[in-house]
Amino acid sequence: MKKIVIPGELLSVERKRLGGNVFVSEGKIYSKVLGISDDESDSASVVPLQGKYIPQVEDTVVGVVGRVVFAGYGININSFTESFIPKSAVREQLKVGDLVLSKVSNVNEMREAELSFPKRLFGGEVVEVTPVRTPRLIGKNGSMLELLAKGTNSEIYIGKNGRVWARNGNLELLKKVVLFIEENSFKSNLTNSVEDFFKKAVKGN
Amino acid sequence: MSKNEEVVVDYKKTKKRLDGRKMDEIRPLSIKAGVIPNADGSAYLEWGQNKVYAAVYGPREALPKHTANPLRAVIKAEYRMASFSVPERKRPGPNRRDMEISKVLGEALERAVFVEQFPNTEIGVYVEVVDSNAGSRVACLTAASVALADAGMPMRDLVSATGIGKAFNELVVDLDKAEEDAPDAVDIPIAILPNSEEIVLLQMDGLLTKKEWDQLVKTGIAACKKVYEIQKKALQEKFKLGEASEKLVEEKVGEKKVNTEKVVSKEANKKIKKVKK
């Protein structure tokens, strides 16, 4: 059964495969963070409910240009440290406040992210969510993202760093749905409830 | 009662404390997690007359830069008392006592958090006492550890704390102001990591025999575990498993004041209009 665990809570006294956000002390497995754990599964892991964004290789992130220096741009990716894009990597000049979609190509031991393939985002709006809850916005094989794009008729990019960028379509509705998913991210059967949410919204208009 | 008149009480005879508690009973304690929207994690705690807010920010870039440690995160704890939190007005700036408590709180929390995971960063822990009546440092530590967990910080364990000591000829748990001012008072704030029973904070003021000491530590650890259960409940209450609901979102939208007219239901709109009138 799924249950909410707190840091330091005992998950298992038996040996199990170790998943994320757990630690072992004297042969017993404990939770590291506030999150949800399934005690029937054969691996011990915790899905966190809160937390900051920690960059990982291959993540797609939505960054904001924070400062411009001679050689390039300092990009805020909602992490502890600023990332850097050299001027040679982008075709046109960027300004402070511009949005950039990029991939994390490398992360060093100080958790500083190196970005590659930057792409400037024109127009649109950004909705900020809790970074650990973005997987629910994407869904299994992108099912939720597909639903969002279809329901609101807009072009959407979801950054793993907790920033959702969208353009065109019904942005007001999108903001509502994203908030709905964020608030209910730890609950089951979310895709169906989101479908209902869209149906209601269509009726309401 | 005049100032010089001493309360002549003997707990051995009365079998009950001045406020009616048993010897090993803590004052009523309630904690609520997630009360400050702008903080990464927060908690509000009421412990007897003590009222404490705790807020956690980070991990974030350590500033000024010379404070950063390339091997681990630095916990910057700050204990503050509001000027109206004590009977006689307190000058609002940090004094010697505030700085000492900030230091011991930070060191106790450092043991619980996996600081090595976040090199070169700082974790800001700010605790503000708005009302106090003895035992405010243990109240602050209890609230701060709930706030840290609420911020999603990876931790070994929560930190649970309580006061123990001696007053009016008897060993007691969680002393209040009247007991702290007793002629034979001994006051010991103690904090543990409940799983391993590792002690992370221990200060002492007064005299005890070795036998009394051994007994007190035992009762103190038992009391800390009671505090731990309340901390655990506070964190679990913030999230409830089950089906998704729109109600939560409505509340949240109301908080953020985003486009209330359109988002919330008709009933909620009526309420808002009433308030506006």
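With a simple spin-label model that places each label point 7 Å from the Cα along the Cα-to-Cβ direction, the separation between A:T60 and B:R91 comes to 5.9 nm. For the range A:40-59 and the range B:67-138, what is the separation of their C-alpha centers, rounded to whole Å? After rounding, the separation between the Cα centres reads 29 Å.
So what is the diffusion coefficient of the range A:75-118 in µm² per second by Stokes-Einstein at 25 °C and 0.890 mPa s, using a Kirkwood Rh over Cα pairs?
220
Could you put B:C224, B:C140 in order, starting from the residue whose Cβ has the fewest other Cβ atoms within 10 Å?
Fewest-to-most ranking of B:C224, B:C140: B:C224, B:C140.
About its Cα centre, the dipole of the protein assembly as shown is roughly 1660 debye, where the only charges are +1 on Lys and Arg Cβ and -1 on Asp and Glu Cβ.
Within chain A, the longest segment free of exposed loop sites, counting trypsin sites (Lys or Arg not before Pro) that fall outside DSSP classes H, G, I, E and B and have at most 11 other Cβ atoms within 10 Å, spans A:96-205. Under 1.5 on a/c is rounded, so check that first for the range B:28-145, then, if it is not, pick prolate when a/b is larger than b/c and oblate when it is not; a ≥ b ≥ c are the square roots of the alpha carbon gyration tensor eigenvalues. It is prolate, given that a/c is not under 1.5 and a/b is the larger ratio. In loop segments of the range B:44-125 as defined by DSSP, the chymotrypsin sites (Phe, Trp or Tyr not before Pro) with at most 11 further C-beta atoms inside 10 Å of their C-beta are B:F84.
Here is the size of the range B:11-238 from its Cα atoms: Rg then Dmax, 17.5, 59 Å.
Counting neighbouring Cβ atoms within 10 Å and putting the fewest first, the residues A:D38, B:D157 line up as A:D38, B:D157.
The loop-placed GluC sites (Glu not before Pro) in the range A:97-129, going by DSSP, that have at most 11 neighbouring Cβ atoms within 10 Å of their Cβ come out as A:E109. By definition, a body whose alpha carbon gyration tensor gives a ≥ b ≥ c is oblate when a/c is 1.5 or more and a/b is not larger than b/c, and the range A:2-48 fits this oblate description. Evaluated with a Cβ-only charge set (Lys, Arg +1; Asp, Glu -1), chain A carries a dipole of roughly 400 debye about its Cα centre, given to the nearest 20.
Would you kindly state how much longer the chain becomes between A:K28 and A:E112 on full extension, computed as 0.36 nm times their sequence separation minus their alpha carbon distance, in nm to one decimal?
27.0 nm is the gain from fully extending A:K28 to A:E112.
Give me a single rounded figure for B:147-155: the average over its residues of other chain Cβ atoms within 10 Å of their Cβ. Write out the running numbers ahead of the final one.
Values: counts 0, 2, 6, 4, 5, 13, 7, 11, 9.
Other-chain Cβ atoms within 10 Å of each residue's Cβ, averaged: 6.
Each of B:E170, B:E88 was scored by other Cβ atoms within 10 Å of its Cβ. Listed from fewest to most, they are B:E88, B:E170. Calculated mean residue ellipticity at 222 nm for the protein assembly as shown: -9000 deg cm²/dmol, from DSSP H runs with n ≥ 4 weighted as -39500 (n - 2.57), summed, divided by the residue count and rounded to 500. The Cα atoms of chain A give a gyration tensor whose axes a ≥ b ≥ c have a/c of 1.5 or more with a/b no greater than b/c, which makes the shape oblate. Over all projection directions, the Cα-based convex hull of the protein assembly as shown averages an area of 29.0 nm². Note on B:229-238: average number of Cβ atoms from other chains within 10 Å of each residue's Cβ is 3. Assuming charge only on the beta carbon of Lys and Arg (+1) and of Asp and Glu (-1), the dipole of the range A:1-102 about its Cα centre is about 280 debye to the nearest 20.
Read-outs: derived from the displayed coordinates by stated rules, not from any lab. Computed from a predicted structure; not experimentally measured. Heads up, the Cβs are rebuilt from the backbone with ideal geometry, glycines too, and the neighbour counts pull from every protein chain shown.
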